[in-house]
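As structure tokens, the structure follows; a few thoughts come after it.
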Amino acid sequence: MKLACPLCGARDIREFHYQGAASLADRPDPGAPEARQEFLDYVYMRDNPAGENRELWFHAHGCGAWLVATRDVTTHEFLSVRLATDKEPTT
Amino acid sequence: MSRLAQGGLIDRTRQLPFTFDGETMLGLAGDTLASALLAKGRHLVGRSFKYHRPRGIMTAGSEEPNALVTIRRGNHAIPNLRATTQELYRALDARSQNRFPSLDFDLLAVNDLLSPFFGAGFYYKTFMWPRSFWDRVYEPFIRRAAGLGRLGLEPDDRLHDKGFAHCDLLVIGGGPAGLIAALAAGRAGLDVILADEDFLFGGRLNAERIDLDDQPGNEWAAAIVAELRAMENIRLMGRTTVTGAYDGGIYGAVQRVADHLPAAPADVPEQIFWRINARHAILATGAIEQPIIFPGNDRPGVMMAGAVRSYLNRFAVAAGRSVAVFANNDTGHRTARDLLAAGVEVAAVIDTRPDATPQGDYPLLSGAQVIATSGRLGLREITVQTGSGRQRLRADCLAVAGVWAPALHLSCHLGARPVWRDDINAFVPADGAVPGMRAAGAVAGLRTTRDALKSGLAVAREVIAEHGRKAPRIRLPHCSDGPVECAPFWYVTAGKGRAWVDFQNDVTAKDIAQAHRENFRASEHLKRYTTLGMAPDQGKTANMAALAIMAGLDGRSIPEVGTTSFRPPYVPVSMAALGAQGAGRGFAPERLMPSDALARKRGAVFVELGLWQRPAWYPRPGETSWRQSCDREARMVRETVGICDMTTLGKIDVQGRDAAEFLDRIYVNNIATLAVGRTRYGVMLREDGFVMDDGTVARLGKRHFLLTSTTGAHDQVWRHLTFCAQVLWPDLDVQPSDVTEAWAQFAAAGPKARDLLHRLTQADISNDSMPFMSWREVKIGKITARLFRISYSGELGFELAVPAQYGPSLAEALEESARAEGGDWFGLEALNVLRLEKGFLTHAEIDGRVTLDDLGLGRMMAARDCIGKVMADRPALRAPDRMQLVGLKPAGASKQLLGGAHLFNPGDPVDREHDQGVITSQCFSPHLGHPIALALLRGGRGRIGEQILMHDHLRGVETLCAVCTPVFLDPEGGRMRG
Ligand SMILES: [Zn+2]
């Protein structure tokens, strides 16, 4: 498997650390009234799609960039990759 | 002698002596072990796995189920090599397997008489009862009787290697389709790898009498190979089996570099395991002839017809003096014609098709079947059932011409199922089974050389177009072979006796019928119940007939029964090749500290800490145990001074306008309030509320911090910080950098630490100008160093950091200064004693399940939010009966404290329900004169002064302990502040 890092190009998957679902980027507001429940969902609950999954990957043995990738988990095909620091595409 | 007087692709001028089971024979260069044995009239080469049946050479390729041999000796012995692919070399020393004491007379053949007890499912039934028999009777019996070949028990010291290759196009298989595809892609300028498992490219062109444009097929192939060899953009990899297809265009391949040589030349690996990155691949692996199943079909001398032609045409070996052919298709007649042309007697062609007509001058029995064979240790006679009755035929070889099944295994490796085609009675690879891979030639279901060439060229053109190149014009040759008519006849139902389906695992047609009776009817059930297809050959010559037999039992079609999936590797790969360069120091990279050379010179004993090699202690003459050295080093630090290489600590530089705000969100305690020039102990949590790591934070400037992380947790901490900076809070202006390897860092600890440093620097490091938990820059000669007043030993302590390239020379300077003050190096063991006496933490305590409060650090939590704060506030994580950090001292006759031992209330049963906690770290304290330990104890902080029983189930030790606070020495901290 290879993953196309926007900074480094297509690199062997072993250079990357898989962190989990991209929902980890949306940290709840700790001051919200239902903060504890929201954090429980945030920390422990994940969708389990058979198909497209938005994921966080870390180019640990490369440039050190965090990436948001969309992958089809049934085929391991990466459908899109962007830097986590870049804004979501608006389209 | 059954070597023909002429013909074949062998070098008659180079005779190669070799031995088989101790008997010396002569073969020729270009032979395989199998062809050389057959040339001597030898069919019997092994005994079968379960019943120890005599077995002979059946095929001429890597699909061979029977002819497994061991070559070489001692720790260089290689078991389970297929004689059909093993190239002959001078003095090759091969032995048959699975026989005792000899091939001709095998005692364990008694298993064959017991076969009624060993039928399908016998593993599941026989050994279920009585239970107590498993350990003592069944398992040892199976271990002795089962298994193919024997491994040497000595380490294998031969060189193997890993290889990495990249290409535009990987062509798998060097037969006609693969050759023409590689030629087209090569001429178009693509970077091509052509891999073939044979030592001779050409595939069936080397084994058949087929002319391409008036040229024998093998000569046509050789000419193409010569052109390919001359192209710089083509790599020809012979003796290379592509073993697996993986995601993203990655293929595994094993290249046998020296298996065909008496010994590998110096510095040349025996085998290389390749990882090939290919944008495109062409699967041109051909097809594997499938046997027709009939009673007595495992007698040595019964072979595949395609193999008989291979031995005849390629190796100039007649597989018998009088050969009969049993066929369901036209290739049986081709076999008879080839044999006659070479002057070999054809006993008869037995064709299952009633309308078959002779295609040459040989007896033909149409609509007939072989229903029995006879002959001790080898074929002498067959019994044929014809429309008019039974007749016996003398023959010492029976060539079985069955359906050719595409060798589509690699196309299944990503999970795709093959597709059935009624017109050719075979499964073919599904379209898109492996992204980027296309099938061509026989594996794609094509049946003539001309069609194979056409399809090879067509898929090559597609690949060339996808690379934006222009395909060259290539004229395809005229080929002399025509279409092959084939009947879907798989197995004989007439006759008595066992009919073998899976030769390698000894599965019979009767076993399949039994599986059917017991309702294991799906292909995956059939496989597991009978072990069919589960031997190392993965049923390459067994699966199709088994499916056909199962289908016939209840009127289903083969695709309705299903197909089994194939997984890597396509052929067995040795562990030595898979683990190439992974033994010994190749197992993991080693990280060396700046003082590594010095420590080795001093004879330090090293221990692995992650990838780091750290001195555990520095023995002195006369010291006979690690404890003596460790106690001395620990005392030395408390009494004078010790130095220790702390470079393994993680170091993270954090800069930016929002650096202070960022760290406030990371650490549970306040960092923004830290003054420039000061350092602070800090703890960070995971988002689930448990402690991730602890360390120090130094403020280098208003917007500049330096953090340390624990050696073993550094990767996690570094990932966490970058995650927070890039993913959670990309709007903060902050840049963490991992500077672990940029700095060499040494601790100097002990009452004389300041005196020691005075020998190296003029800087004012008095307690007034440099109090505890401060830092400053100092000059060491011309070098600017960072000096931190921190202590992990509880003594007056400094840590001195210099750019990494100065580390080795600073280590020497420190050693000299330490000795001048009566001190020396101390290792990891002494460091552990020093920190335990002070109750300082490591990841033995921070084990991923402890909260800040469990560690007695609850008061550190700041009022504002930080990572993990919300979740740490969950009621269960604040429960009073959680495991809390305490100290333990021995309080009874036994003084032994053991790490990992569990704690129980005295008088309670020592079982899981009554478990009260666990010892996380322990050591002997030379200052207190007895062992001490840190432990996590249920509600521990409320139990200071009580007694608890340590019970070590593993080592059988019980010690009564006194629970105390986890600080054993200098609780006020006067020593480190002075
Ligand atoms: Zn990158």
Counted residues, the stretch B:843-876 - those being small (Gly, Ala, Ser), within 14 Å of chain A (Cβ to nearest Cβ) and on the phi < 0 side of the Ramachandran plot: 4
Pair list, Cβ < 7 Å and 6+ apart or interchain, from the stretch B:623-641 residues that are over 23 Å from B:GLY973 (Cβ atoms) and open to solvent by 50 Å² or more (accessible area, probe 1.4 Å) to residues that are acidic (Asp, Glu) and assigned to a helix (DSSP H, G or I): B:TRP626/B:GLU829
Residues within the stretch B:358-371 that are open to solvent by less than 30 Å² (accessible area, probe 1.4 Å) and within 25 Å of B:HIS43 (Cα to Cα), tallied: 3
Test: residue in the stretch B:703-711 that is open to solvent by 20 Å² or more (accessible area, probe 1.4 Å) and of a type in the set (A, V, I, L, M, F, W, C): no
Those residues of the stretch B:734-766 which are open to solvent by 60 Å² or more (accessible area, probe 1.4 Å) and not basic (Lys, Arg), in sequence order: B:GLN735, B:ASP738, B:GLU741, B:PRO751, B:ASP755, B:HIS758, B:GLN762, B:ASP764
Inter-residue pairs, beta-carbon under 7 Å, first polar (S, T, N, Q) and in the stretch B:777-788, second in a strand (DSSP E or B), 6+ apart: B:THR784/B:GLU777
Residue match in the stretch B:780-800 (condition: open to solvent by less than 10 Å² (accessible area, probe 1.4 Å), part of a loop (DSSP other than H, G, I, E, B) and in contact with a Phe, Trp or Tyr (Cβ under 6 Å, 6 or more places away or on another chain)): yes
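From the list B:TRP775, B:TRP743, B:TRP718, B:TRP729, exactly one residue is touching a strand residue (DSSP E or B) at 6+ places or on another chain (Cβ under 9 Å) and under 30 Å from A:GLU55 (Cβ atoms). Which is it?
Values: B:TRP775 fails: under 30 Å from A:GLU55 (Cβ atoms); B:TRP743 fails: under 30 Å from A:GLU55 (Cβ atoms); B:TRP729 fails: touching a strand residue (DSSP E or B) at 6+ places or on another chain (Cβ under 9 Å).
Matching residue, one of B:TRP775, B:TRP743, B:TRP718, B:TRP729: B:TRP718.
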Residues (more than 8 Å from every other protein chain (Cβ to nearest Cβ) and within 10 Å of A:ARG46 (Cβ to Cβ)) located in the stretch A:13-30: A:GLY20, A:ALA21, A:SER23
Residue in the stretch B:231-247 that is of a type in the set (Gly, Ala, Ser), within 30 Å of B:SER574 (Cβ to Cβ), within 14 Å of chain A (Cβ to nearest Cβ) and touching a Pro at 6+ places or on another chain (Cβ under 9 Å) present: yes
Sole exception among (1) at the interface with chain B (Cβ under 9 Å from one of its Cβ atoms); (2) open to solvent by 60 Å² or more (accessible area, probe 1.4 Å) for A:PRO33, by number: (1)
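Residues checked against (1) at negative phi; (2) away from the ligand (no atom under 16 Å from the Cβ); (3) at pLDDT below 95:
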position: A:PHE39; (1), (2), (3): yes, yes, no
position: A:GLU55; (1), (2), (3): yes, no, no
position: A:ALA60; (1), (2), (3): yes, no, no
position: A:CYS63; (1), (2), (3): yes, no, no
position: A:VAL68; (1), (2), (3): yes, no, no
position: A:HIS76; (1), (2), (3): no, yes, yes
All positions within the stretch A:4-27 that are crowded, with 16+ Cβ neighbours inside 10 Å and either acidic (Asp, Glu) or near the ligand (Cβ under 9 Å from one of its atoms) (or both): A:CYS5, A:ARG11, A:ASP12, A:GLU15, A:PHE16
Residue among B:GLY603, B:GLY656, B:GLY642, B:GLY610 that is touching an Asp or Glu at 6+ places or on another chain (Cβ under 8 Å) and on the phi > 0 side of the Ramachandran plot: B:GLY656
Where B:HIS525 falls short, out of the listed (1) farther than 24 Å from B:GLY152 by Cα; (2) not in a helix (DSSP H, G or I): (2)
Inter-residue pairs, beta-carbon under 6 Å, first of a type in the set (S, T, N, Q) and in the stretch A:50-70, second more than 12 Å from the ligand (Cβ to nearest atom) and outside any strand (DSSP E or B), 6+ apart: A:ASN53/A:VAL73
So A:MET1, is it more than 12 Å from chain B (Cβ to nearest Cβ) and of a type in the set (A, V, I, L, M, F, W, C): no
Subset of the stretch B:610-641 [of a type in the set (Asp, Glu) and farther than 18 Å from B:ARG835 by Cβ]: B:GLU623
Any hit, the stretch A:48-70, residues being more than 11 Å from chain B (Cβ to nearest Cβ), surrounded by 14 or more Cβ atoms within 10 Å (Cβ to Cβ), more than 12 Å from the chain's Cα centre (by Cα) and farther than 30 Å from B:ALA416 by Cβ: yes
Selection count where residues are of a type in the set (S, T, N, Q), within 34 Å of the chain's Cα centre (by Cα) and over 23 Å from B:PHE105 (Cβ atoms), scope the stretch B:9-36: 2
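Could you list, in sequence order, the residues of the stretch B:669-709 that are among the polar types (S, T, N, Q) and within 17 Å of B:TRP743 (Cα to Cα)?
Step one: of the stretch B:669-709, the residues among the polar types (S, T, N, Q) are B:669-670, B:673, B:679, B:696, B:708-709.
Hits for the stretch B:669-709 are B:THR696, B:THR708, B:SER709.
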Enumeration of residues in the stretch B:432-480 that are assigned by TED's automatic domain parsing to the domain that holds B:GLY415 and assigned to a strand (DSSP E or B): B:MET437, B:ARG438, B:ALA439
Residues located in the stretch B:370-408, provided they are over 17 Å from B:ASP351 (Cα atoms) and in a loop (DSSP other than H, G, I, E, B): B:GLY375, B:ARG376, B:LEU377, B:GLY378, B:LEU379, B:ARG380, B:ASP396, B:ALA407, B:LEU408
Residue list for the stretch B:817-835, filter: assigned to a helix (DSSP H, G or I), open to solvent by 30 Å² or more (accessible area, probe 1.4 Å) and touching a residue at least 40 places away in the same chain (Cβ under 8 Å): B:ALA820, B:LEU828, B:GLU829, B:ASN832
Of the criteria (1) in contact (Cβ under 8 Å) with a residue 60 or more places away in the chain; (2) more than 29 Å from B:TRP718 (Cβ to Cβ); (3) open to solvent by 20 Å² or more (accessible area, probe 1.4 Å), which one B:LEU649 fails: (2)
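Here is a yes/no grid of residues against (1) in a loop (DSSP other than H, G, I, E, B); (2) of a type outside the set (D, E, K, R); (3) in contact with a Pro (Cβ under 9 Å, 6 or more places away or on another chain):
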{"position": "B:GLY320", "(1), (2), (3)": "yes, yes, no"}
{"position": "B:ALA347", "(1), (2), (3)": "no, yes, yes"}
{"position": "B:ILE350", "(1), (2), (3)": "no, yes, no"}
{"position": "B:ARG353", "(1), (2), (3)": "yes, no, no"}
{"position": "B:THR357", "(1), (2), (3)": "yes, yes, no"}
{"position": "B:TYR362", "(1), (2), (3)": "yes, yes, no"}
Extreme residue, farthest from A:TYR42 (Cα to Cα), among residues of the stretch B:712-733 that are outside any loop (DSSP other than H, G, I, E, B), more than 9 Å from chain A (Cβ to nearest Cβ) and open to solvent by 30 Å² or more (accessible area, probe 1.4 Å): B:GLY712
Residue tally, condition of a type in the set (Gly, Ala, Ser) and not in a loop (DSSP other than H, G, I, E, B), over the stretch B:853-892: 4
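The values are calculated or read from the model by the stated rules, or taken from the named source; none is laboratory data. Since this is a predicted model, take the numbers as computed values, not measurements. With ideal geometry, Cβ positions are generated from the backbone for all residues, glycine too; neighbour counts draw on all protein chains shown. For the accessible areas, the whole protein counts, side chains as well, though only heavy atoms, and no ligand, DNA or RNA atoms are used. Shrake-Rupley method; radii C 1.70, N 1.55, O 1.52, S 1.80 Å.
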